[in-house]
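S.K.: Just passing along the structure, written as structure tokens.
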Amino acid sequence: MTSPRLFLAVAVWCAPAAAFAGPRDDLLRLVPDDYTFCLVVQNIREHAKADGQSSFLKGLAESPLVKGYQNTPEAEKLRTAFESILKDLGITPEQLRDDLLGDAVVFAYRKGPPGNEAKEDGLILVHARDGKLLARVVERVNDLQTKGGELKAVEPVAGKDGEYFRRVKSDKQQPAEFYALRGNRLVFSGSEALLQSALAKLATPGDGEPFVARRMQQLGVSDCPVSFLVNPRAFDADLADSAKTGKDAERAFLKEFAGYWKAVDGVALFLNFAPSLELGLAVHARKADLPGPARRFFAEAGKRSPLWDRVPEDALFALVGRFHAESMTAMLGSFLTEQDRRKVLDGVARMSKTFFKPDDLGPVTRGFGPDVGFWVTKPDAASHTWCPQALLAVKLADGPDGRKAELAALKGLDFLARLASLSEKDLSVFEEQQGAVPVTGLTSAGLFPPGFRPCFASKGGYLLVAGSPETIARFEPPKDPPTDAPEVTVLRISVTAWRDYMKAHRHGLVEYLAKVHHTDRAALNPQIDALLPLLDGLDQIEIVQRAGPDRVSLVLRLKDHRK
């Protein structure tokens, strides 16, 4: 027999999640399936605790920028107005956050049908921890608005599913509003029919997972404290109407866009507070219904590039991804008319004819990528320069296509370097040999900062453009293949490395910037001083891509120190 302690342990472990989803789903089942937008705020009470542990947010609050705003007349007016509202309602900020809004709040909006937009409606739903406090605050709001002349009366209505209230405005041109209190739940709407529909759902037992909660699960935002959902189906009719009008180019774009749009079942913007501060966009789409080039492009973009293994952990900036050029070109071209597509191709052919034959445009396009990376690192201590080092690496395909792309790129870069040296007398072209790798670049003692000698080369199946020959020499071409991963980093900024860099090289950087911009370095230092406190407590900034079943999310993440 299973030990009762096991059941108790599982119950305790699951309790926070159950309590978390319970109030939210209790409200979400009242939202109509044909919503247009839906804002879901949940579990703010607990997330506020995690927010208080963020050293970045604490540093931001203490920064001169924020403190300066707090001392402005506008901020004082806002603070006074907020305090006045709380005083009138007879509650504290903690009661507002924890007892009224801490469980779940839902705002749902439904647009009117095409040609009858005035029939829009919406719901405001609140699940409060303290039902008595909620009722008292609602009564207080009604009393204040009645005394202030905004409301003429608050009338009880005996509905089929219980009593609700009609808020009659003093201005006869303003429509009435309706609300109902059911225990610790508030249901509010400007539409009596929508309120009655919500109350009817409340009067019957819930039947499975609510539609909006299921959509949140598909989008991967079920646990997010703040989610803003968009229902693509609400815009299908508008998109179809727009595709019937406009010029040929507009119709071509909208026709192709409709093919993508119909494959999308849900879109969400979301905000997370823990374990790191995150702001993201999630899209749930049926990948099988996307056009072929789009499926190929997103499949490649969802893999982790082996170039990340070459990016130092303390890189100041890194942008690495997999961009399948051929499928991306096909995707973009499908949004154009045949005439416009031909114009673009002819223009590209004219600009590139110096470097390769027009018939080689396709092979050259296929020869680049899909692995592409650009990163910036701190200068070596031994280099005695403040100038960071940068590297752009582009994978060259195996076979004839990659060879044509390599030759076209090297020819083009060499042409640009020599053209620059002819245009500027202080620039000169240099060439050096690193084993079997020829390196070509530009040098100038007067124009470039110390240690900066831009150059290019082809090495180990990668086209490289770097800030110095030493950077190319240090690059080791990765041999591992790309890998599937639930989360793939696209961009990474090491704030810690930037702080270290500014401490070590601030003087040289300021001297150079002052020289370039013809300004006094004393004017630059205060600007840097104002920026640095904003970075206190922040370790890293990332943009990552998360993948799931028929889902892709793009997330901005701020990593900071947590207690």
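S.K.: Does E424 meet the test of being in contact (Cβ under 8 Å) with a residue 40 or more places away in the chain, among the charged types (D, E, K, R) and surrounded by fewer than 14 Cβ atoms within 10 Å (Cβ to Cβ)?
M.R.: No, not satisfied.
S.K.: Return the residues of segment 152-177 that are farther than 20 Å from V106 by Cα, in a strand (DSSP E or B) and of a type in the set (D, E, K, R); say none if nothing qualifies.
M.R.: K152, E155, E163, R166, R167, K169
S.K.: So, one more: How do the strands (runs of 3 or more DSSP E) wholly within segment 450-556 filter down when requiring 1 or more residues that are farther than 24 Å from V372 by Cβ: which remain?
M.R.: Correct list: 538-548.
S.K.: Can you report the number of residues in segment 433-449 which are part of a loop (DSSP other than H, G, I, E, B) and either within 36 Å of the chain's Cα centre (by Cα) or not hydrophobic (A, V, I, L, M, F, W, C) (or both)?
M.R.: Within segment 433-449, residues that are part of a loop (DSSP other than H, G, I, E, B) and either within 36 Å of the chain's Cα centre (by Cα) or not hydrophobic (A, V, I, L, M, F, W, C) (or both) number 5.
S.K.: Another question about this same structure. Listed residues S352, S305; which is out of contact with any Phe, Trp or Tyr (no Cβ under 6 Å at 6 or more places or on another chain) and modelled with pLDDT under 90?
M.R.: Result of the check over S352, S305: S352.
S.K.: May I ask you to list pairs of residues, at least six apart or on different chains, whose Cβ atoms are under 7 Å apart, with the first in segment 132-150 being free of Cβ contacts under 8 Å to residues at least 24 places away in the same chain and the second being part of a loop (DSSP other than H, G, I, E, B) and not basic (K, R)?
M.R.: G149/S170; E150/S170
S.K.: Turning to a different aspect of this structure: Looking only at segment 272-307, how many residues end up being over 26 Å from L332 (Cβ atoms) and assigned by TED's automatic domain parsing to the domain that holds L556?
M.R.: Qualifying residue count for the region: 1.
S.K.: Could you check, for segment 239-261, whether at least one of its residues is under 30 Å from Q42 (Cα atoms) and not assigned by TED's automatic domain parsing to the domain that holds V495?
M.R.: Yes.
Table: residues versus (1) surrounded by fewer than 21 Cβ atoms within 10 Å (Cβ to Cβ); (2) in a helix (DSSP H, G or I).
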residue: Y179; (1), (2): yes, no
residue: T204; (1), (2): yes, no
residue: M216; (1), (2): no, yes
residue: V221; (1), (2): no, no
residue: D238; (1), (2): yes, yes
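S.K.: Just to be sure, is P358 touching a Phe, Trp or Tyr at 6+ places or on another chain (Cβ under 7 Å) and either at pLDDT below 95 or outside the structural domain of T489 (by TED's automatic domain parsing) (or both)?
M.R.: So P358 does not fit the description; no.
S.K.: Run down G102, G149, G112 and say which single residue is closer than 30 Å to I44 by Cβ and outside any strand (DSSP E or B).
M.R.: Going through G102, G149, G112 in turn, just one is closer than 30 Å to I44 by Cβ and outside any strand (DSSP E or B): G102.
S.K.: State which residue is surrounded by the fewest Cβ atoms within 10 Å (Cβ to Cβ) when the search covers only segment 366-402 and only residues that are basic (K, R) and not in a helix (DSSP H, G or I).
M.R.: Checking each candidate, the answer is K378.
The values are calculated or read from the model by the stated rules, or taken from the named source; none is laboratory data. No experiment lies behind these values; they were computed from the predicted model shown. Heads up, the Cβs are rebuilt from the backbone with ideal geometry, glycines too, and the neighbour counts pull from every protein chain shown.
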